[in-house]
Amino acid sequence: MSTKFVRVLDTRRPIWGIVEGNVVYHLEGSPYGKWQRGAMLGALHALPLLPPTEPTKIICVGRNYAAHAAEHNSPVPEAPLLFLKPPSSVVGPDAAIVLPTLSQRIEHEAELAVVIARPCRDVTPEEAWDYVLGVTCGNDVTARDLQRQDGQWTRGKGFDTFCPLGPWIVAGLTAADIADLAVTCRVNGDLRQQGRTSEMVFSPAYIVSYAAAVMTLMPGDVLLTGTPAGVGPLTAGDVVDVEVEGIGVLRNPVR
Ligand code: ZN
């Protein structure tokens, strides 16, 4: 059975909630430890949602869908190509993606995001899923011109607001449950990206294991698992929706 964990702004402080249908209940405790369902907080649409996690790091994989590598005339890597986004790039559902004036080409990248449950280091791909709390939707917003110009990706991937996450973490899923889900991106309602998690070159569990051979993954840390083909530009006034089938829709305006 799956559970939807959400973070809500409650009179200026963040609290945890559980989404059931269109209603949010208070979560007493923490999804990373013991918890129980508390009082009703209100209707889902009426509550201000925060990013569902505050990661110490966001680990991303480049070119994990062959069709996306092809659209940039890049080869599919023989091992996961990891890079980092800073925690300061995270925003929640409905928060604006702010276009920086330093770039002339800012693009969306719809991705399945994996959230870590407990400290994780040196695990096999078979063990890795035991360290995962759940999954959410992510948008690996990218300044494509700066990414190309710099030769490495710190500026191109690192601006404030370049990592929308949410709307909630769906926990209690197995690796098999997420092995073949549609990942789509719509801009102003028009379909821009469409792929399936089954098309990934490296599975989420393999990526967790690969990253945890390098650094300790902490509770709340996020792994973005790569984007399918169809990335394209964002302009001020756009509304961008990232959807992972059965998980949710992450909507952010662009300004
Ligand atoms: Zn990406």
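The values are calculated or read from the model by the stated rules, or taken from the named source; none is laboratory data. Small disclaimer: the values here were computed from a predicted structure and weren't measured. For neighbour counting, all protein chains shown are included, and Cβ atoms are generated from backbone atoms with ideal geometry for every residue, glycine included. Ligands, DNA and RNA are excluded from the accessible area calculation, which covers all protein heavy atoms including side chains. Shrake-Rupley method; radii C 1.70, N 1.55, O 1.52, S 1.80 Å.
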*Collect residues whose amide H, placed 1.01 Å from N in the peptide plane, falls under 5 Å from the amide H of residue 166; neighbours closer than 5 in sequence don't count.*
137
_Distance between the C-alpha centers of the range 35-100 and the range 7-27? Whole Å please._
20
*What is the extension gain from residue 88 to residue 236, computed as 0.36 nm multiplied by their sequence separation minus the C-alpha to C-alpha distance, in nm to one decimal?*
51.2 nm
_Is the C-alpha gyration tensor of the range 1-104 telling us rounded, prolate or oblate? Criteria: a/c under 1.5 is rounded; beyond that, a/b larger than b/c is prolate, otherwise oblate._
prolate
_Pairwise Lys count, the chain - Cα closer than 16 Å, eight or more residues apart or different chains_ = 4
_Ellipsoid equivalent to the range 189-244 - semi-axes via the Cα gyration tensor, in Å_ = 28, 15, 9
*Counting only protein heavy atoms, what percent of the accessible surface of the chain is carbon or sulfur at a 1.4 Å probe?*
52
*Using the Cβ atoms and a cut-off under 13 Å, what net charge is assigned to the surroundings of residue 129, where Lys and Arg are +1 and Asp and Glu are -1?*
-3
*asked:* Please compute the alpha carbon radius of gyration of the range 51-253, then divide it by the globular-protein estimate 2.2 N^0.38 Å. Two decimals is fine.
replied: 0.92
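At 1.4 Å probe size, put 150, 241 in order of accessible surface, largest to smallest.
Most to least solvent-accessible, the answer reads 150, 241.
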*Hey, what do the phi angles of the range 241-246 turn into as Karplus ³J(HN,Hα) couplings, whole Hz, using 6.51/-1.76/1.60 and θ = phi - 60°, x for Gly and Pro?*
10, 9, 10, 10, 3, x
*How far is it, in nm, from the label point at residue 215 to the one at residue 39 when both lie 7 Å from their Cα along the line to the Cβ?*
4.0
*Between residue 177 and residue 124, what is the spin-label point distance in nm, taking each point 7 Å from the Cα along the Cα→C-beta axis?*
2.4
*Karplus couplings for the range 124-131 from phi (6.51 cos²θ - 1.76 cosθ + 1.60, θ = phi - 60°), rounded to Hz, Gly and Pro as x?*
7, x, 5, 7, 4, 5, 5, 9
